[in-house]
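The values are calculated or read from the model by the stated rules, or taken from the named source; none is laboratory data. Owing to the predicted nature of the structure, the values given are computational and were not obtained by experimental measurement. All Cβ positions, glycine included, derive from the backbone under ideal geometry; neighbour counts span all protein chains shown.
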Amino acid sequence: MKYIRKIAFVADSLLIWVLTFVAVFAMIYSGYVIYDNFYKSKAAFSSWDLKQYKPTVEQTKLGFEEISLINPDTVAWLTVEGTNIDYPVMYGSNNMDYINRDFYGKSSLTGSIYLNSDNSPDFSQPYNLIYGHHMDNGAMFGDIDKFASEEYLKSHTLGILMTPTGNYDLYIFACMQTDAYNDTIYFKDTENEKAYGELFEHISKNSLVYIPQENIPQKIIAMSTCAETGTFGRTVIFAKAISRTDTISKEEVHPQVKRTAKGHNTVTEHWAVLNLVCVILTLLTLFPLHYTFAKYNQLIFVRKKKKECEEEAVAKDLGRFEKKIYIGFIVEILIFTLATVFFLRTENIKNDIGISDKYTLIMILIFALSLIVDIICFRYRGKRPENDAKGEEAE
């Protein structure tokens, strides 16, 4: 009976620890998810961090030489005046490469603006299709659905596409709502002149908003995003692209400005939620929920029993346990202080949030140390007074 009770006590304590850990982790992780969703939604906009790499019309070639050092998959910079569309255009080996990756190559639900992999990265073909996610807050291609309004389209017709080899003025002339299975819009043979002619005819007849064109444009830039109407719904705007006559700067010597790429969730720019969890669990080791009184009431009980005990061996065991409680209390305070100071010195909660970082293992070891101290110093393993033993056996 005695051993069964001990096993039940240990199992009960372990269960409480596990449930506490799960509850705390779930609470903090839920906060992290809410914050991270908010951050990703906010980060989807083209921020200063991203725009600092935007090439200029006068020095487009030099601008792309710099941006290519960060991500060589950058093939253009797309801007539509009066909208949030102001992003680098990526080009992957297939259309899945950048659907959930940002400009910095990091995983991101907002993805990137990217050129159809069936197109040439130099935009040399007559029809070029660019994809982007539809964000409800207007980021990425979230503004495209606004072009379904004739008034909005006619007041937002201008844009520019900058590439390493030349720039193009964009004149938006149509907006269409279709689906992902429209072979006329999403065709693979982008060099096919017949398909290009059929495309222009399809645009003129099926667009929600259409500004008549005198001739078939020599080059069309299409921008496609998901529509709100359904899973496979698409909203596409079409712009004729006219090559600019600006002189692209050749090789020139310019002072290089050292810049730091931040991006989303880069290693050095976020603080780790697991590290905070470890600090909280270290505190719970020092002051366990619902067990704080039981833990430190042992000290009063031991001092009382030591005075009443007539057996010298048992009294010595109780005396050693009393000292261990004092030592354990002091050491656990020091460990919690260490965990708190280390967290504050290595983490900056003003930065973006992440699951873990290079300090997480150290934080876990600090927490593990507090558990070891608790097990060693707050568990009595000496001989019990005879009256207690008899009482336990009687029960």
Residue check, residue 139 against (1) of a type in the set (Gly, Ala, Ser); (2) more than 19 Å from the chain's Cα centre (by Cα); (3) more than 16 Å from residue 238 (Cβ to Cβ), all met but one. Which one? (2)
Tabulated pairs, the stretch 163-185, first assigned by TED's automatic domain parsing to the domain that holds residue 128, second modelled with pLDDT of 90 or more and charged (D, E, K, R), C-beta under 7 angstrom, 6+ apart or interchain: 163/122; 165/122; 171/240; 173/240; 178/234; 179/234; 180/234; 184/198
Please count how many residues of the stretch 333-377 are at pLDDT below 90 and closer than 30 Å to residue 297 by Cβ. 0
Every listed condition ((1) modelled with pLDDT of 80 or more; (2) over 30 Å from residue 109 (Cα atoms); (3) not in a helix (DSSP H, G or I)) holds for residue 289 save (1)
For residue 56, work out the one condition from (1) within 20 Å of residue 132 (Cα to Cα); (2) in contact with a helix residue (DSSP H, G or I) (Cβ under 9 Å, 6 or more places away or on another chain) it doesn't fulfil. (1)
Subset of the stretch 100-117, residues buried (at least 17 other Cβ atoms within 10 Å of the Cβ), assigned to a loop (DSSP other than H, G, I, E, B) and in contact with a strand residue (DSSP E or B) (Cβ under 8 Å, 6 or more places away or on another chain), comes to 103, 108, 110, 111, 112, 116
Residue check: is residue 215 part of a loop (DSSP other than H, G, I, E, B), farther than 14 Å from residue 78 by Cβ, under 30 Å from the mean Cα position of the chain (by Cα) and not charged (D, E, K, R)? no
Spot the failing condition for residue 147; the list is (1) over 35 Å from the mean Cα position of the chain (by Cα); (2) aromatic (Phe, Trp, Tyr); (3) surrounded by 20 or more Cβ atoms within 10 Å (Cβ to Cβ), and only one is missed. (1)
Residues within the stretch 93-118 that are under 28 Å from residue 158 (Cβ atoms) and small (Gly, Ala, Ser), tallied: 3
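Does residue 153 satisfy the condition of being touching a residue at least 12 places away in the same chain (Cβ under 8 Å) and under 18 Å from residue 76 (Cα atoms)?
Values: touching a residue at least 12 places away in the same chain (Cβ under 8 Å): yes; under 18 Å from residue 76 (Cα atoms): no.
Taking the combined requirement at face value, the residue does not satisfy it.
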With 318, 299 as the choices, which residue is surrounded by 19 or more Cβ atoms within 10 Å (Cβ to Cβ), among the hydrophobic types (A, V, I, L, M, F, W, C), at pLDDT below 90 and part of a helix (DSSP H, G or I)? 318
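When residues of the stretch 188-243 are filtered for being among the β-branched types (Val, Ile, Thr), without any contact (Cβ under 8 Å) to a residue 40 or more places away in the chain and out of contact with any helix residue (DSSP H, G or I) (no Cβ under 8 Å at 6 or more places or on another chain), how many remain? Break it down stepwise before answering.
The first filter runs over the stretch 188-243 and keeps only residues among the β-branched types (Val, Ile, Thr), leaving 190, 203, 209, 211, 216, 220-221, 225, 229, 231, 235-237, 242.
Cutting the leftovers down to without any contact (Cβ under 8 Å) to a residue 40 or more places away in the chain gives us 203, 216, 231.
Retained after the next criterion (residues that are out of contact with any helix residue (DSSP H, G or I) (no Cβ under 8 Å at 6 or more places or on another chain)): 203, 231.
Matching residues across the stretch 188-243 total 2.
What number of residues within the stretch 337-362 satisfy the criterion of being within 29 Å of the chain's Cα centre (by Cα) and either part of a helix (DSSP H, G or I) or aliphatic (A, V, I, L, M) (or both)? Don't jump to the end; show me each part of the working.
Taking the stretch 337-362 as the starting set, the residues that turn out to be within 29 Å of the chain's Cα centre (by Cα) are 338-362.
Right, trim to either part of a helix (DSSP H, G or I) or aliphatic (A, V, I, L, M) (or both) and you get 338-346, 349, 353, 355, 360-362.
So the answer is 15.
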